[in-house]
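The values are calculated or read from the model by the stated rules, or taken from the named source; none is laboratory data. All values derive from a computational prediction rather than experimental measurement. Counting neighbours? That spans all protein chains shown, and the Cβs are built from the backbone with ideal geometry, glycine included.
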Amino acid sequence: MQIRQKPVIKYVLAASLAVNLVLGGLFVAWKVESGHRKEGFRIESALERIAAKLPKADGEALKTALQADRNALLEQRAAVREAHEAIRAALQAEPFDAAALEQAFERSHAARQAMAAAVEHVIIAAAPTMSHEGRSELSNWRKHR
């Protein structure tokens, strides 16, 4: 005696399997990607990627400058995040206060400028000890972001 399944059940099971495979694949990809990230933050990772493209001694000079200014970079990152949080809070505030939002944007702009200055300081500290070839490669760093 053979039990016959309804054709609809076959399609539902196939669709369920497909959805599970897609979600499983996304989960695995997310876990693999997050495992490649270093602790820290994007600018540090970006500078380390740039350092890897430089001649060895020049890359080490950039990494040394990065380590020397790491605390300043971390402080600036925290200031940028706080400024972004202030923007979110101002946008969600009830009643809405346009002046508070404007101040939050001004703080965010200042924090981003300070972060850029901190990154520039790392490059300024490393550049004098680098070869011409290394500085030339470093001059293209914004192209490869």
Enumerate the helices (runs of 4 or more DSSP H) found wholly within segment 23-92, keeping only those where 3 or more residues are among the basic types (K, R), over 13 Å from I123 (Cα atoms) and at pLDDT 75 or above.
-> 70-92
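Can you tell me which of R135, R112 is part of a helix (DSSP H, G or I), closer than 13 Å to I43 by Cα and basic (K, R)?
R112
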Scan segment 82-102 residue by residue and report those that are surrounded by 13 or more Cβ atoms within 10 Å (Cβ to Cβ) and free of Cβ contacts under 8 Å to residues at least 12 places away in the same chain.
-> A100
